[in-house]
Amino acid sequence: MTNVLVCIKRVPDSSGEVLLTDDQQGVDGRYVGFTVSNHESCAVELAVRTAEATGGTVTLLTVGPSEATEQLRDTLALGCHAAVLVEAEPARLGPADVAREIAHVVREKEAAGTTYDLVLLGNDAADSGDFQVGIRLAHALGRPVVNGVSTVEVADGNLTARGDGPDGEETYSLPLPAVATVLEGGAEPRYPTLRGRMAAKKVEIETRPLSAEPAGASRVRLLLPPPAPSTVEVLGEGTEAAKAVADLFEKLGVTR
């Protein structure tokens, strides 16, 4: 039986136009929806598969605002069993703060009799681009860690993880308990079922405060790339444009 803890983060949905806050310190999420990153969606899928294969459980954890319960419930519907929200203002937290809070939850759960054999995280945060939390967490817990993997398997007290390397696929073997960060692409995330959504509504989300005052996030000024230039060419009007459109299609290789 393998108990897995998966860490997710509430981030702005980047499928729409991304705007920055007035101080250019973060992403302004007032005009977009919120979701979890693709990396984390794949981490959740791998966690659920691992639990199903070993008769274990999947617990979700997020460090963020109270509104993050929306992402926790959406993810619970995929086959997870429990969820923990460490309530905090994300702008005040750096990766060291997030790793400390996750480690604190893991230690408290272990003291109460619940051990997480595997902790999975997304390889990096979709909004801030931090690649640090997984490594910092493993260091705090004294556990082995592997980053940027696409698949994980658990057997005989060991974790086998695979990911792309400079010379092709690389395979890693780590003793449990362990920490791994997941890149998207190795597992196709499932869609929630109606039964899963109904079950998720009944799960009581454990909410707790920060264990310590945050050291604070580093102040980095963000810049958006300039919009790509675009041009418009009018080919004509009405029937007069037909020949020009046909010539353009032939030039593009759309027609023969």
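The values are calculated or read from the model by the stated rules, or taken from the named source; none is laboratory data. This one's a predicted model, so the numbers in the text were calculated from it and none came from an experiment. Cβ placement follows ideal geometry from the backbone for every residue including glycine, while neighbour counts extend to all protein chains displayed. Ligands, DNA and RNA are excluded from the accessible area calculation, which covers all protein heavy atoms including side chains. Shrake-Rupley method; radii C 1.70, N 1.55, O 1.52, S 1.80 Å.
Assorted remarks:
- Taking segment 40-56 as the range and being in contact with a Leu (Cβ under 6 Å, 6 or more places away or on another chain) and under 9 Å from G122 (Cβ atoms) as the test, only A43 passes.
- Selection of helices (runs of 4 or more DSSP H) fully inside segment 38-115 by the criterion of at least 1 residues being closer than 18 Å to L141 by Cα returns 95-111.
- Selection within segment 104-144 - open to solvent by less than 50 Å² (accessible area, probe 1.4 Å) and hydrophobic (A, V, I, L, M, F, W, C): V105, V106, L118, V119, L120, L121, A125, V133, L137, A138, A140, L141
- Taken over segment 167-188, the criterion of being more than 24 Å from A125 (Cβ to Cβ), assigned to a strand (DSSP E or B) and open to solvent by 60 Å² or more (accessible area, probe 1.4 Å) is satisfied by E169, T171, S173, P175.
- Of all the numbered requirements in (1) open to solvent by 40 Å² or more (accessible area, probe 1.4 Å); (2) hydrophobic (A, V, I, L, M, F, W, C); (3) touching a residue at least 40 places away in the same chain (Cβ under 8 Å), A155 misses one, and that requirement is (3).
- Just one of (1) open to solvent by 20 Å² or more (accessible area, probe 1.4 Å); (2) more than 15 Å from the chain's Cα centre (by Cα); (3) within 13 Å of S173 (Cα to Cα) fails for N147. It is (2).
- Meets criteria (open to solvent by less than 30 Å² (accessible area, probe 1.4 Å), out of contact with any strand residue (DSSP E or B) (no Cβ under 6 Å at 6 or more places or on another chain) and within 24 Å of N38 (Cβ to Cβ)) for L93: yes
- Residue tally, condition surrounded by fewer than 18 Cβ atoms within 10 Å (Cβ to Cβ) and over 18 Å from P12 (Cα atoms), over segment 68-81: 1
- Residues that are within 45 Å of the chain's Cα centre (by Cα) and small (G, A, S) within segment 230-256 comprise S230, G253, listed in sequence order.
- Test: R162 is in contact (Cβ under 8 Å) with a residue 24 or more places away in the chain, open to solvent by 50 Å² or more (accessible area, probe 1.4 Å) and either closer than 21 Å to V63 by Cα or part of a strand (DSSP E or B) (or both): yes
- Unmet criterion (only one of (1) outside any loop (DSSP other than H, G, I, E, B); (2) small (G, A, S); (3) within 24 Å of the chain's Cα centre (by Cα); (4) surrounded by fewer than 17 Cβ atoms within 10 Å (Cβ to Cβ)) for S211: (1)
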